[in-house]
1. Would you be able to say whether some residue in region A:181-202 is among the aromatic types (Phe, Trp, Tyr), surrounded by 23 or more Cβ atoms within 10 Å (Cβ to Cβ) and not in a strand (DSSP E or B)?
2. Among the residues of region A:174-193, are any over 22 Å from A:Leu27 (Cβ atoms), modelled with pLDDT of 95 or more and within 12 Å of chain B (Cβ to nearest Cβ)?
3. Out of the residues in region B:135-154 that are away from chain A (no Cβ under 14 Å) and assigned to a loop (DSSP other than H, G, I, E, B), which is nearest to B:Lys237 (Cα to Cα)?
4. Examine region A:249-270 for a residue that is touching a Ser or Thr at 6+ places or on another chain (Cβ under 8 Å) and among the hydrophobic types (A, V, I, L, M, F, W, C), and state whether such a residue exists.
5. Quick one: which residue in A:His359, A:His322 is part of a loop (DSSP other than H, G, I, E, B), more than 15 Å from A:Tyr257 (Cβ to Cβ) and either among the hydroxyl-bearing types (Ser, Thr, Tyr) or modelled with pLDDT under 95 (or both)?
6. Quick check on this structure: which one of B:Ala53, B:Ala33, B:Ala62 is surrounded by 18 or more Cβ atoms within 10 Å (Cβ to Cβ) and in the same structural domain as B:Glu101 (by TED's automatic domain parsing)?
7. Could you grab me the full set of residues in region A:72-92 that are modelled with pLDDT under 95 and touching a helix residue (DSSP H, G or I) at 6+ places or on another chain (Cβ under 7 Å)?
8. Taking region A:74-93 only, how many residues are within 12 Å of chain B (Cβ to nearest Cβ) and surrounded by 18 or more Cβ atoms within 10 Å (Cβ to Cβ)?
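The values are calculated or read from the model by the stated rules, or taken from the named source; none is laboratory data. Everything quoted here is computed from the prediction, not taken from an experiment. All Cβ positions, glycine included, derive from the backbone under ideal geometry; neighbour counts span all protein chains shown.
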Protein chains: 2
Amino acid sequence: MTPVPSGELAEDRVTVRLGPRSYDIVLGRGMTAQFGLFVRELLPQSQTALLVADEHTRKLAAPLTVPLGEAGFRTALAVIPAGEQSKSLEQLARLYDALYELKADRRTPVIAVGGGVVGDLAGFAAATYNRGLPLIMVPTTLLAMVDSSVGGKTAINHPRGKNLIGAFHQPKGVWIDTDHLATLPVREYRSGLAEVVKYGVIRDAELFEILECHAPALRNGHASILPSIIARCCRIKAEVVEQDEYEETGLRAILNYGHTFGHAFEIVGAADHWLHGEAVAAGMMCAVRLAQRLGYLEDDSLPSRQEQLLRAFDLPIRPLPHWDVEALLAAMQRDKKATAGRLRFVLPRCLGEVGLVDHVPLAEVRQILCDR
Amino acid sequence: MTPVPSGELAEDRVTVRLGPRSYDIVLGRGMTAQFGLFVRELLPQSQTALLVADEHTRKLAAPLTVPLGEAGFRTALAVIPAGEQSKSLEQLARLYDALYELKADRRTPVIAVGGGVVGDLAGFAAATYNRGLPLIMVPTTLLAMVDSSVGGKTAINHPRGKNLIGAFHQPKGVWIDTDHLATLPVREYRSGLAEVVKYGVIRDAELFEILECHAPALRNGHASILPSIIARCCRIKAEVVEQDEYEETGLRAILNYGHTFGHAFEIVGAADHWLHGEAVAAGMMCAVRLAQRLGYLEDDSLPSRQEQLLRAFDLPIRPLPHWDVEALLAAMQRDKKATAGRLRFVLPRCLGEVGLVDHVPLAEVRQILCDR
């Protein structure tokens, strides 16, 4: 990945307005030297800070200890193994131990430097240690920048269900330095593009069209437009979260477009090691086909346009043929968004508009999964 | 313990006003048959419910499955070992498993039937499974009725610190059936009286005087006045929590009178198996002596009145002589309420009024602990 050119950011700050829990997402590049001041302004009285990273992002986290030290923080860095399996009670206990060793008090921030796994785990530790510590998100993957670092969802996995254990805990601030993308493996970067496509389908037809226009450059991470695309995704996410912080009205659920299928693919297909965005990409294709099958979709060009765009980003467009259909259906009925085992999906009506559809017949879903 | 006579409740409902998180504490006796209706009214659409009890309270929890079944709930009962050591990640994982087996969805209530340990653990499971399930508290000890079941604090222990891991998660309702006290061992009942005394000292001089008048009857659990005392304590707790739900302004901290010392006694003196209220009783005596030593106390009769009342309830009035003073001090500096290791205490000024005192010199605290 090539770093994005500087000076192209249309927007360098997105505010998430949640009353007393409001916070800013700061976007820029090459901002390491300013990080200490950023955290100090958010937390004038803190004396200690725990950085959390994984094996891959420790090289991004370590330099942040310098400006933090200059800003008067005594820091420690906890490094977890990379990968989804770190979202466990065991790794959570390790973070609790690190906070204890640091003599953390209620003002000690947890600073998550990494992708979704680091953010979810460190965020849940922050949500629960001392009944809640301040959380700072430093997302270093495209996926985390546009999605998981914003909105306050934190979680670990149950042996039989992804994100089954968690809490809503909004960060005090989000720090997006696009220089961090330079070290990201290209497959992970493209996985993040799946969530970017998602925002276009659910809420922003213009964004979708921009992605179509710039697909070849975006595919390779060379697009100078990338930073403004990230900011645009953050703004959409902020708007949705502002209106439905705790996922109560159904609005926030639209962010899960492609995810009911996607989560099932991640569980049943665990051995195939798909990335989250890859599962979501195939999940969005299943969802758009389901919408068409149910007569919910009004724009018949959407399935092919979505497929073409996902293909342009080298993303999978269907589940793997050897995944067991009944196992996938069972996993979907266990989904957190399911109620009493009923299947519920976010389905597109047209480009930029989706709805929550309840009571989808099992037979229809099965048919979608069988058509591979 | 003899059941309290019926028909003596001055008050059968205390409302905790917390905006969208408001709830009622319902008080009465012999109310088991009405329990299903109570839960159904709170949760019209739930299909399943998980009861949590310990080895001692399972005999109180099991009968509740009947009215719950009649109200249309499919129930499961999870039984944890009795005692503080159950507030662990291991037991937490067992409750997550039980919820998974029940096919819990976001409407499934967790119903905690027991004392503080059951309430804290089950409450934390409810706070974190699926990012939050409804919680119903059925406190069965005096301590839980007047304190831990109200206010939304949930927690488990870290190997080196009590309640270090937790969340604020308000219940949907609290169900206090004083018939449940009939099976409570007398030592546990008296431990609960320590928290009742606490309410008098921090906020309600009249309550303290009522306790003094009825001490002999209360000591043996025969006082017909007990139900109205429980309601009065719940009302005080509700008022404090309403004004400082997340322990931010310092007001809620007054509920921790005696607890900074008390928690240290529980940690350092773990081998002596004091009950929580016993540690709080000795802690309140240390706190009142510290207030006197620092010149903070304005009413010189309070130490002896408080001591006399605690003695009347067979509660300890000082820490055990073999507990190491430096270990106690270290434990206090680790307390959740400590900030950057500074010692902070809730100290009485006069009967019914306490304040939060910061920066208490270590030497003064040491002196209080040495005077045994």
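1. Scanning region A:181-202 turns up at least one residue that is among the aromatic types (Phe, Trp, Tyr), surrounded by 23 or more Cβ atoms within 10 Å (Cβ to Cβ) and not in a strand (DSSP E or B).
2. no
3. Step by step, filter region B:135-154, then rank; the result is B:Val150.
4. no
5. The match here is A:His359.
6. The conditions single out B:Ala53.
7. Within region A:72-92, A:Gly83, A:Glu84, A:Leu89 meet the criteria.
8. 3
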